Amino acid sequence: MKKLINAIVMLLLIASTLLYTTTLFVEGSMSQVSSSLIETEIETRVYAIVDEIQQIIPVQNDEAVEKLMTAIKEDPVVNETLEKYAKTFIHDLATEEGDVNMDMNQEVQDLLLTYSDELGDVMGDIINEDYKNAIIKEVVSRVDFNDYYIKAVEKVKETVSPNQMKAVQLANTVVEQTPQFKTGSLIASIVFMIILVVLNITSGFGLKQIGVALILSGLIHVVLKFAAPILLSLFVPQMNDLLGFEFFTKIGFMILGVGVVVRVIGSFIPGAHEYE
């Protein structure tokens, strides 16, 4: 009976660790894909702004343009903004019915205006700084980022199949409930470990059982590195190239390593080989 209970709790421990890491993977992956889509749209708009500025002041300054784009891509504030709207993008994409509402114009325009010096460099030294700033403010203020965002969401929606939409909706649920999933699965893992310790208090404090469960969990994570792309290809094959499944390998070997250490420690504790 004790062996059966141990086996059940060990399986639950494996499941809880998988839930925790899978939640991290889904959250990170969906944020990565959405951020990439939004970044592409914003980058396109920035190039459009540069083109419009160069039509007003016909100066070809590719070096200044490259410097501008590099500064934007490496700006942590820009990355934080992308991450924020990435979660909103997932939510809007998962909503089948209803209009998409977005109010990002002011924030994105203000963010771009912090690059007034870089945008001014695109115009060279033909005009003074006041005139440069006036042109930049006028051109940036005319860009409707809300409209481009909504069109991007609608464009993606038109390309996804019903099965793909279900996968997106599931991912959206995970992303929106990430704190609950992570906290719940982490607490569950700790509880299952405590149960194993209590069940095996006289036989190595359950370290052998915990170690074995973690070793099996680690191996399953490593297998997922190869199995996940196959499973995902059944629903959203075009996302396979965008996701970093090596996450499962890294986290799998980490869990596996911890499991081996715990298992070895448990084997040296008196009574660790008693199972009844």
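Given the conditions (1) more than 25 Å from the chain's Cα centre (by Cα); (2) open to solvent by 70 Å² or more (accessible area, probe 1.4 Å), which single one is not true for LYS87?
With respect to (1) more than 25 Å from the chain's Cα centre (by Cα); (2) open to solvent by 70 Å² or more (accessible area, probe 1.4 Å), LYS87 is out only on (1).
Report yes if some residue within segment 8-27 is crowded, with 16+ Cβ neighbours inside 10 Å and farther than 30 Å from ILE195 by Cα; otherwise report no.
no
If you scan segment 262-271, which residues turn out to be assigned to a helix (DSSP H, G or I), touching a Gly at 6+ places or on another chain (Cβ under 6 Å) and modelled with pLDDT under 85?
GLY266
Is it the case, given these coordinates, that ASP103 is at pLDDT 75 or above, open to solvent by 90 Å² or more (accessible area, probe 1.4 Å) and either outside any helix (DSSP H, G or I) or at positive phi (or both)? Give the derivation first.
Working: at pLDDT 75 or above: yes; open to solvent by 90 Å² or more (accessible area, probe 1.4 Å): yes; either outside any helix (DSSP H, G or I) or at positive phi (or both): yes.
So ASP103 fits the description; yes.
ILE42 - would you say it is in a helix (DSSP H, G or I), among the β-branched types (Val, Ile, Thr) and touching a residue at least 40 places away in the same chain (Cβ under 8 Å)?
yes
Quick one: in segment 224-261, of everything that is closer than 28 Å to PRO162 by Cα, among the aliphatic types (A, V, I, L, M) and not in a loop (DSSP other than H, G, I, E, B), which residue is modelled with the lowest pLDDT?
MET239
The values are calculated or read from the model by the stated rules, or taken from the named source; none is laboratory data. Just so it is clear, the model here is predicted, and its values are computed rather than measured. Neighbour counts run over all protein chains shown; Cβ positions are idealised from the backbone, glycine included. For the accessible areas, the whole protein counts, side chains as well, though only heavy atoms, and no ligand, DNA or RNA atoms are used. Shrake-Rupley method; radii C 1.70, N 1.55, O 1.52, S 1.80 Å.
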